[in-house]
Amino acid sequence: MDPLCMAHPGPRKKQPRKMKPSMASRPYDIKFRDLVLFILEKKMGATRRTFLMELARRKGFQVEDELSESVTHLVAENNSGSDVWEWLQDHNMKVSSRLEILDVSWLIECMRAGKPVELTGKYQLTVRRNNSVDPNAGPQKTPLPAVKNISQYACQRRTTLNNHNRIFTDAFDIMAENFEFRENEMTCLAFMRASSVLKSLPFTILCIKDIQGIPCLGDKVKSIIEEIIEDGESSEVKAVLNDERYQSFKLFTSVFGVGLKTSEKWFRMGYRTLSKIRADKTLKFTSMQKAGFLYYEDLVSCVTRAEAEAISVLVKETVRTFLPDAFITITGGFRRGKQTGHDVDFLITSPGTTEEEENQLLPKVINVWERKGLLLYYDFVESTFEKFKTPSRKVDALDHFPKCFLIFKLHHQRVDDAQASWQEGKAWKAIRVDLVVCPYECRAFALLGWTGSRQFERDLRRYATHERKMMLDNHALYDKKKRIFLKAESEEDIFAHLGLDYIDPWERNA
C-alpha cells in the first residue's frame, strides 16, 4: 500500500459526515493561475476528495468542483489511465486536449512543496484513446519523507511560522487549552507536545501512515488526526468548542489580570458574559482587572509589528536618557518573526551598571511616561535577584529580574502604517508592554528565555536536565556534574554548552 495514499479497510458502519458548505466555499488567494485542478472522486470517496480540495485551495491552487474545459490537471487516486478515460467517456465529458491526467502522488508532492512540482512520467497516467493501455501507466509510488530522526525535544527541531499542518495543530491547541482550564497538566502537555512536533514537519499529513515514527503522538492524538483526515473535523474538538465551561473560561481569561481561579469563581457564580460581571456591583476587581475591563477592546485586538516598532522607539528614547549604553531588544513572538502579537516584550541591559542602577531604571522610566500621560496602568515588580542561587528545577519558573507589566497609550501619529489596528475615531490605542531589566552578565540567558516560544523553552530546560545533567533558566546554566556555572556571552554559547545545534529565533516557533 502506498504510504501516501489513505488506506481503505473496507466499508464502515459510520457514514462520513458531509463537510459544511462554509468549509468548501471559503475564499483563498489563488497563487498559481496557470493551473486549474479537478480531483476525481472515483475510488477516492467524497470525504477525502473534499479534504484534498480544501488543502489545495489553502496552498493557493485553483480547484474546480466540476470538470470543465478550463481544467488543466485532473488528479485521480487508485485509478489507471484507462480507468480515468473510461469515466470521462461514461460521463460524456468534453475536456481540453491539453488536459494532464495525474496520480494523486503529484498533488501530494505539490502540497509538500507549497507550489506545483515538475510533471514527470512517474506522476502521469498514460491514456491511449483506442483503449489500449500502457502497462506501465499505473500510479507510481513516492517515498514518504524521512521522519525517523525527529526529536521529542522542540530544541532539536527547527520550527518556522510555515505550519503545514494547521488543521491538526489548531485542534490540538484547543484541546490543550481546555485541559489547561481544567488544570489537567499532564493531558494539556500531551496535546501541546503533539501540536509542537506537527508544527515542525516540512510536509502536510494526508493519511494516517504519514505519522509513523513521529514522537509525542499518543493514542488520543492519533484518533483525532484520523478523524480529521476522514471527516474534515474532530467531533471531540467540536464538543469542546461548544462546551459552556470552555467558552466561559476562554472569555474570562481574555481579560487582562484574570486567571483560572477567578474564572472558576465567576463560572460557579453562574456568570457567562462579561457584561453581567461588569454590572455586578458586589464583585471586587484588582487594579489589573479594572484596567483589563476598561481597555478590553484594545487589549484583545492584535498588536501589529508597526505598533511594536513605534513603542520600541519610545522605549529606547526614554531608557537611554538614563543608561546611554543600554541594549534594548524586542523579545517574544516579534523576535521570532511574527507580524502580530498580544503584547510587546523588551529586554533591557547595559554594561557597567550597578545593581542599584538596574533596580532604579524602571521606576525612572515609569515616572517619565506618567508625566507625559502615556501610562494607562502599570505593575512594577522589584528584583528578587539576591535570592537566586542555582537555576530553578521548574521548567516554567519565573526569573528574579526587576520588571514592569504595563498598558501603554500609543498615539496614532507615532505609527506610520495603514495596517495598524485602531478603533474608528480613536487617536490612540492601549497596548500591553512588558519591560525586563537584567544584569549584563545574564543577558544571553535572559534573551534566550524571553524569546520563547513557551514549548521551545520548556523542552530546552527539560533537555538540559535529562540529557546533559545541567540546570538552565533565565539567569544561568549550571553543570551539576562539575558543580560550576557555565559562562555565555551569546545564545550560541548556551547551545554549544548543551551540545545542541544553534537554532535561530525565527525557527523556535514551537
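Numbers at a glance
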quantity	calculated
Karplus (6.51, -1.76, 1.60) ³J(HN,Hα), θ = phi - 60°, over region 233-244, in Hz, Gly and Pro reported as x	7, 10, 5, 5, 5, 4, 5, 5, 4, 8, 6, 5
Net charge contributed by nearby residues that have their C-beta within less than 12 Å of Gln247 (K/R +1, D/E -1)	0
Other-chain or far-sequence residues with amide H under 5 Å of Ala510's (modelled H)	Ser453, Phe456
MRE, 222 nm, helices only [DSSP H, n ≥ 4, -39500 (n - 2.57), over the chain, to nearest 500]	-11500 deg cm²/dmol
On Cα atoms only, tilt of 454-468 relative to the major axis of the chain in degrees	80
Long-range HN-HN contacts of Phe327 with modeled amide H, under 5 Å	Thr349, Ser350
Entries of Lys42/Lys209; Lys42/Lys199; Lys43/Lys220 with Cα pairs more than 24 Å apart	Lys42/Lys199; Lys43/Lys220
Relative contact order computed over the chain (Cα-Cα under 8 Å; 6+ residues apart), in percent	12
Cut-off 12 Å, label 7 Å out along Cα→Cβ of Phe327, residues of region 444-486 by amide N	444-448
Environment charge of Met111, counting only residues whose C-beta is closer than 10 Å and scoring Lys/Arg +1, Asp/Glu -1	+3
For region 484-497, Karplus couplings with θ = phi - 60° (6.51, -1.76, 1.60), whole Hz, Gly/Pro x	9, 7, 9, 7, 8, 8, 8, 4, 4, 5, 5, 4, 5, 4
Cβ crowding within 10 Å averaged over residues, with 259-265, 222-228 ranked highest first	222-228, 259-265
Cα-Cα separations in region 151-307 greater than 29 Å, expressed as whole percent	33
Residue-wise HN-Hα coupling along region 345-356, computed from phi with Karplus coefficients 6.51, -1.76, 1.60 (Hz; x: Gly, Pro)	9, 10, 9, 10, 8, 8, x, x, 8, 8, 4, 5
Chain lengthening between Arg462 and Ala113 when straightened (0.36 nm per residue, less Cα-Cα)	122.4 nm
Radius 9 Å from Cβ of Cys188, net charge of other residues (Lys, Arg +1; Asp, Glu -1)	-3
Rounded to 10°, Cα long-axis angle of helix 46-58 versus longest principal axis of the chain	50
Anchor Lys372: aspartates and glutamates whose Cα lies under 16 Å away (excluding residues fewer than 8 positions away in-chain)	Glu317
Cleavage-rule hits, chymotrypsin sites (Phe, Trp or Tyr not before Pro), region 326-391, DSSP coil, Cβ neighbours within 10 Å at most 14	none
Per residue, in Å², the accessible surface of the chain once ligands and nucleic acids are set aside, probe 1.4 Å	50
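The values are calculated or read from the model by the stated rules, or taken from the named source; none is laboratory data. Only a predicted model underlies this, so the values are computations on that prediction, with no experimental measurement involved. Here Cβ is always computed from backbone atoms with ideal geometry, including for glycine, and neighbour counts include all displayed protein chains. Heavy atoms of the whole protein, side chains included, go into the accessibility calculation; ligands, DNA and RNA do not. Shrake-Rupley method; radii C 1.70, N 1.55, O 1.52, S 1.80 Å.
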